[in-house]
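Everything on this sheet refers to the single structure shown next.
Derivation of every value follows stated rules applied to the coordinates shown; laboratory data play no part. What you see is a predicted model, and the numbers here were worked out from it, not measured in a lab. Here the Cβ is made from the backbone with ideal geometry for all residues, glycine too, and neighbour counts use every protein chain on show.
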Amino acid sequence: MKKISLIIIILLIPVISIGQEFEKEKIKSVVKTFFEGFHKKDSLLLSSVLEKSFHLNSTSFKENEGILRNINGSNFISAVISRPDSPSWKEKLFSYDIKIDGPLANVWVDYEFLIDNKLSHCGVNSIHLLKKKSGWKIFNITDSRKNDCNNQKFENR
């Protein structure tokens, strides 16, 4: 009986692993949709992947002390869709590290932010998602913002 249980467990490991990879691809797709909506200034696209309670936070240093700035989701969407076309904004994403635990997922992704194709700042996005019946929804993004990007290492540049 122990051998049969062990064999069943060994046979299920690849199935579980495939399921986890499938969920990671769904999560990555949600993140990509968010940034597509961000770049297109499309409130419907943004809203399609955001939880109602979405918040955006930014962290940085000022005089060697961490600073935290918050913006609620509706204010963020309003700011994105009402920004002028010039200067242009572009956020480049690199190396996704996705962790999942039940209904919670976190995506840790390096980024560079360009204004009119010139590097403005860089850092990391820590994106939290909640699994709903309708799919994964982003409920929080917290980014770090650094102006000295020369030492930033990106895996998929």
* Asked: Scanning for something in a helix (DSSP H, G or I) and either among the hydroxyl-bearing types (Ser, Thr, Tyr) or within 16 Å of the chain's Cα centre (by Cα) (or both), does the range 47-70 turn up at least one residue?
  -> yes
* Asked: Mind checking whether some residue in the range 77-87 is part of a strand (DSSP E or B), acidic (Asp, Glu) and out of contact with any strand residue (DSSP E or B) (no Cβ under 8 Å at 6 or more places or on another chain)?
  -> no
* Any residue in the range 63-84 that is touching a residue at least 60 places away in the same chain (Cβ under 8 Å), among the hydroxyl-bearing types (Ser, Thr, Tyr) and surrounded by fewer than 17 Cβ atoms within 10 Å (Cβ to Cβ)? -> no
* Structure fact -> When restricted to 131, 137, 99, the only residue surrounded by fewer than 16 Cβ atoms within 10 Å (Cβ to Cβ), in a strand (DSSP E or B) and among the charged types (D, E, K, R) is 99
* To do: Specify which of the listed residues (139, 61, 94) is touching a Ser or Thr at 6+ places or on another chain (Cβ under 8 Å) and of a type in the set (Phe, Trp, Tyr).
  => 139
